[in-house]
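Report on one structure; see the data block that follows.
The values are calculated or read from the model by the stated rules, or taken from the named source; none is laboratory data. Since we're looking at a predicted model, the values are computed, not measured. Here Cβ is always computed from backbone atoms with ideal geometry, including for glycine, and neighbour counts include all displayed protein chains. Just the protein is used for accessible areas: all its heavy atoms, side chains included, with ligands, DNA and RNA removed. Shrake-Rupley method; radii C 1.70, N 1.55, O 1.52, S 1.80 Å.
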Amino acid sequence: MMETAIKINNLNVFAEKSQILKNINCEIPKNKITVILGPSGCGKTTLLKCMNRLTDLYPELKVSGEILINDKNVLDPDADIYKLRQSMGLLSQRPYPLPMTIYNNIAYALKLRGVKGNRKISLLVMDYLRQANLYEEVRKRLKEPASKLSIGQQQRLCLARGLAVNPEIILADEPTSALDPISSRFIDEKFQEIKTNYTIVVVTHILRQARRIADHVIFMYLGEVIEQGPAAQFFENPREEQTRLYLDGMFN
Amino acid sequence: MKRRLKVEEAFFRVMMNLSTAFILLILGVIIYSVFEKGMKAISWEMLTSIPSGGYYYGKGGGILNAIVGSMTLAFGATILAFLIGLPVALYINVFLHGKKKLVNLIRFILDLIWGIPSIVYGAFGFTLMVLVGLQTSLLAGIITVTLFILPIMIRSMDEILRTVPDGLMEATYSLGSNKSELAFKIFTRQSVSGIITAVLLSFGRAIGDAASVLFTAGYTDNLPNSLMEPVATLPLSIFFQLSSPVPEVQERAYASALVLTVIILIVSLFSRGLGKRYHKTKINF
Amino acid sequence: MLISLSLVAFLPFLLFSVLYFKSFLLLRDFGLGQLIFSHSWHPSRGEFGFYPFIIGSIWVTLLAILISTPICLLTAINVTQYARKRFLRIMHPVIDILAGIPSVVYGVWGILVIVPFISRYLGPWLGIKTMGYSILAAAFVLSIMIIPFILNIMIEIFKTIPMELKEAALSLGSTKWQMVKHVLLRKALPGIIAAVGFGLARAFGETMAVLMVVGNVVKVPTSVFDPGYTLPALIANNYGEVLSIPQYDSALMFAALLLLVVSLFFNLLMHFFISRYNKY
């Protein structure tokens, strides 16, 4: 029996005039790659943003329901959202390096996490850069603005930064959609490599990518979860008619 | 650590709210003091008559000369600036469409001109007048103010025309209309309310500016009746009356200030209203 | 179309050459250095030292910028990051109206409110005797006048900062204020500097409102409570007499030339600054 990392109960999200998420119930298994799959505009990204409460940034969104991580409700207004967000690393569609040097992009995350001492910070920065396969490329330009890196390098920097808060969970929102094939492949492979230590949630609308990396799939359509289950079963033997249509490429 | 952060954030939030409140308060105070002083001094006679004998010692008469003069000058300059500006704005957006570097250079120059203080235009206009032997006159005022509002006019129209989507252009090309026709029909129809907003904005600038007309338009107690004669303007009537030692005349400056402020408020309300409607159609597009 | 366009495009050069041509005589006779650094201003004796006016202009402008920059910055952060979206809809007309109020009306307001406030309350309270018509009064009125201008640019700049960047900072566990301080402000810094630079250029050339409250005394000010004189006020006050004193018109055109050059220089600088920084 697999362990559950995130359990979502009756999650509803309303915007001013429409309902973005409709009564979502799902479980995300621990130390696995869970892919949230579905066509664009089905609410995948919103679901992801609910998990680390970035929805707070949009006052027009009304969120209700429960998201349980380690038996604590993320959506509880009294929850310590800073701790909570640090337990999740975020990788967005396009890389958004902070307006600082390459070094400081990671050091900033470390400082927010409470790491003290320049020596310790600098050792950890190198370590995270190595984990993201970036160290060799940027070794000599750590003091340059992060925005001078290529897009692929920036995304790896963002991955390193996401890991630097020491999270249990990694949330990735179509992390490879802006990248070249080589960088994309690296990110996918990296996820496979580190999933023993992290719970990884990847949002994507690319079926091929889902097939390649998913251990577990949550399929969404128009704000609802249509089907969820282990990848093998989902792709080989879907239960729902809509899933079958989607897998056959009938949706558009 | 966290505690210090919270105190810091709370402090800055208080400062932010204070700053915002300060701006709102200042606007209120300005409007209030202009209205309060102006309402006391204003009368029907002031609005409908020109200065009669002894006006500048506190006797009868009004500021009709300045009201009509300002209106005439501002209308003249706005129309002239519109006639010069619209072709330029269209040229940039239709004929130079795709020549990004050149367009950016033109926009850049326009922004530079926009930044030049109006007093410099006044001095420039004055020098030109002396050079060609022109007296202070309505014509000289109109020319100077036109130059001064031209960049405002062109850049605001340009910003509107820029938002006309490319797809629309291509659609019209494919119908085979030639370029000039396209320019005048489609572009203007698409952006009429936006262009009116630009015109109103320029008109507001034209009627409110004193430094550019100080040397060029002159001042007179008469209503304007010729392009070659001096013309009175509201900003200058405020300025001159306020520097008078006679209290009654100073009071009249407040009345003039009220009139000018009301005109400006009406103009900006109008352009607000149009702007809103414009934005609504933009979303539907 | 082309004629209109070339008229507009050559306007700055035209302005420059006409003003330069007119002030050429003065420049030839005295030299730039003496004109700018000489203290003595006696047109009737043929002495043209612009130093008091230049210093007056610089004081008034810098003080105005010093007052309005923090107010604008705090307000811009407030309305774009903290306040509800509806509030921005209130703020826009407020900015428009403040920007639309004519310079003379600001001057009237300065005379009605600011000058008496300084002479009756602020001065006595600090134990300083002042007429009220002073550098400080001009700077204060001017700071209000440039608020809508600077605030508008700052709001636009904060709006262009992508939501995702803010999300990235917050997802690392920073508080909203940390995000504003470390990420938002840093990302917006070139824009903020440019906004202040544009405001500076605008304030430097402002004429009527300053003229009405600054006191117009030809003297290098020693305190902000002293009356002063600015370059635009010099031109506006004296154009009537130019033809009666030799070289006087040259002198006023030289003042206009200075204003033009400062305005063009600052605007150029800020444009290049922005465009260079945008490449990052």
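Brief remarks follow.
- Identity of the residue in the stretch B:1-50, of a type outside the set (A, V, I, L, M, F, W, C) and more than 30 Å from the chain's Cα centre (by Cα), that ends up nearest to the other protein chains (Cβ to nearest Cβ): B:GLU9
- Residues that are open to solvent by less than 40 Å² (accessible area, probe 1.4 Å) and assigned to a loop (DSSP other than H, G, I, E, B) within the stretch C:228-244 comprise C:TYR229, C:THR230, C:VAL242, listed in sequence order.
- Taking every residue in the stretch A:64-84 that is touching a residue at least 24 places away in the same chain (Cβ under 8 Å) and pairing it with any residue that is charged (D, E, K, R) and open to solvent by less than 30 Å² (accessible area, probe 1.4 Å), at least 6 positions away or on another chain, the pairs with Cβ-Cβ distances below 6 Å are A:ILE81/A:ARG53.
- Among residues of the stretch C:236-269, those that are modelled with pLDDT under 90 and of a type in the set (Val, Ile, Thr), counted: 2
- For A:GLU227, the conditions (1) assigned to a strand (DSSP E or B); (2) open to solvent by 60 Å² or more (accessible area, probe 1.4 Å) are fulfilled apart from (2).
- Verdict on C:PHE87 being without any contact (Cβ under 8 Å) to a residue 12 or more places away in the chain, aromatic (Phe, Trp, Tyr) and open to solvent by 40 Å² or more (accessible area, probe 1.4 Å): yes
- Close Cβ contacts (under 6 Å, 6 or more residues apart or on different chains) running from residues in the stretch C:170-196 that are under 13 Å from A:LEU98 (Cβ atoms) to residues that are surrounded by fewer than 19 Cβ atoms within 10 Å (Cβ to Cβ) and small (Gly, Ala, Ser) are absent.
- From the options C:PHE149, C:PHE158, C:PHE140, residue that is of a type in the set (Phe, Trp, Tyr) and more than 12 Å from chain B (Cβ to nearest Cβ): C:PHE158
- Considering the stretch A:106-129, and only residues there that are more than 10 Å from chain C (Cβ to nearest Cβ) and not in a helix (DSSP H, G or I), the residue that is nearest to A:ARG85 (Cα to Cα) turns out to be A:VAL115.
- Output for the stretch C:42-53, where each listed residue is under 17 Å from C:LEU257 (Cβ atoms) and buried (at least 18 other Cβ atoms within 10 Å of the Cβ): C:PHE48, C:GLY49, C:PHE50, C:PHE53
- Reported count of residues in the stretch B:205-220, each being more than 8 Å from every other protein chain (Cβ to nearest Cβ) and open to solvent by 10 Å² or more (accessible area, probe 1.4 Å), is 4.
- Residue in the stretch C:217-226 that is within 11 Å of chain B (Cβ to nearest Cβ), at negative phi and open to solvent by less than 70 Å² (accessible area, probe 1.4 Å) present: no
- Within the stretch A:87-105, the set of residues being closer than 13 Å to A:ARG141 by Cα and at the interface with chain C (Cβ under 9 Å from one of its Cβ atoms) comprises just one member, A:MET100.
- Under the condition of being more than 7 Å from chain B (Cβ to nearest Cβ), small (Gly, Ala, Ser) and open to solvent by 20 Å² or more (accessible area, probe 1.4 Å), the residues counted in the stretch C:1-30 number 2.
- The residue of the stretch B:238-249 that is nearest to B:ALA211 (Cα to Cα), among those that are facing chain C (nearest Cβ under 9 Å) and in contact with a helix residue (DSSP H, G or I) (Cβ under 6 Å, 6 or more places away or on another chain), is B:PHE239.
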